[in-house]
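This report refers to the structure that appears directly beneath it.
Since every read-out is calculated from the coordinates, none of them should be taken as a lab result. In this text the structure is predicted, and so the values were computed from the model without any measurement. Ideal geometry is used to build each Cβ from the backbone, glycine not excepted, and the neighbour counts take in all protein chains shown.
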C-alpha cells in the first residue's frame, strides 16, 4: 500500500463512516479497484483507521463524553455495544467470509437502499428528542439493530439510526446516539484487530506511518462529514441516501452477473 492509496481509503472511511451507506462496503470496493485488497495489511488498515473517524465524534461532542456527572450516558453505551461485541466475536470467521463476497455487498447495499426510501414514512411520530430521555431497554434494543451491520454493506450507521427511530427517537437524536455508539463499538473492533495482528503492524515502520496518516485523514474528513450529514438529515431525511445505495448496489450486482470479477 502506498501513501496515496492509504489517503484515498482514509478519505472514503471518513466520508462514509457516519452516513448510512456502509463504510466497510465502500472501502473494500475501493481497495479492490486499486488492486491492494489481497494485502493483509490493507485489511488491517481498513479496520484500524475507523479509530480516527470515531475520534471525530469524541472531539465534536466532547462535553457529552467527558461529563462524568451523568453516568447513565455511559451505561447506555455499554448496553448498546454488548450485543455486537458478543456476536462479532462468535461469528468473526463467518463475517470474514462474507467480506470476500462482492455479491453480498451489492445485495445489502441495494436492499438497505430500498429500506431507506421508506424509513421517514414508517417513523413519523417520535417522542424522544435526546438520549437522556431514552431508557436502558431502548439502548440495548438499538444495540441489537447494530448487529445487522456485521453483514458487509448493511451500514452500522443505517442500522443504529433506524433502530433508534424504531424506538421513538427523532432523526436527530437517533443519528447522534448512533455516533455515540460508534465510539465503544469501533474502539473495541480496532483494539481486537490490533492485538490479533500486532506482528503485522510492527513488521515495518512504513506500516505504522501509513496507519497514522490514515487515521489523521479519516479524523479530519469525518469531522466535516458528521456536520454535513446532520444538516442533510434534518432537511431531507434518508431518501437521497436510499437512492445512492440502490444505484451503487445495482452497479455491483450487474458487474457480478456480467462476469466482471471484483476481487474482494
Between residue 3 and residue 239, what's the calculated FRET efficiency when r is the beta-carbon distance and R0 is 41 Å? Round to 0.05. 0.65
Tensor-based shape of segment 74-199 (alpha-carbon gyration tensor, a/c under 1.5 rounded, otherwise prolate or oblate): oblate
With each pseudo-label sitting 7 Å past Cα toward Cβ, what's the residue 64-residue 198 distance in nm, one decimal? 3.3
Can you tell me which of 230-242, 107-119 comes out highest on packing, and rank the rest after it, using the mean Cβ neighbours within 10 Å? 107-119, 230-242
Quote the relative contact order of segment 3-257 in percent (integer), defining contacts as alpha-carbon pairs under 8 Å separated by 6+ residues. 39
Among 129-135, 58-64, how do they line up by average Cβ neighbours within 10 Å per residue, starting with the highest? 129-135, 58-64
Note down the nm distance, to one decimal, between modelled labels 7 Å out along Cα→Cβ at residue 75 and at residue 258. 5.5
Full extension between residue 127 and residue 91 adds, at 0.36 nm per residue less the Cα distance, a length in nm of 9.5 nm
Need one word for the chain: rounded, prolate or oblate. Basis is the Cα gyration tensor (sqrt eigenvalues a ≥ b ≥ c); a/c below 1.5 gives rounded, then a/b vs b/c decides. oblate
Counting helices only, and only those DSSP H runs with n ≥ 4, report the 222 nm mean residue ellipticity of the chain as the sum of -39,500 (n - 2.57) divided by its residues, in deg cm²/dmol to the nearest 500. -24500 deg cm²/dmol
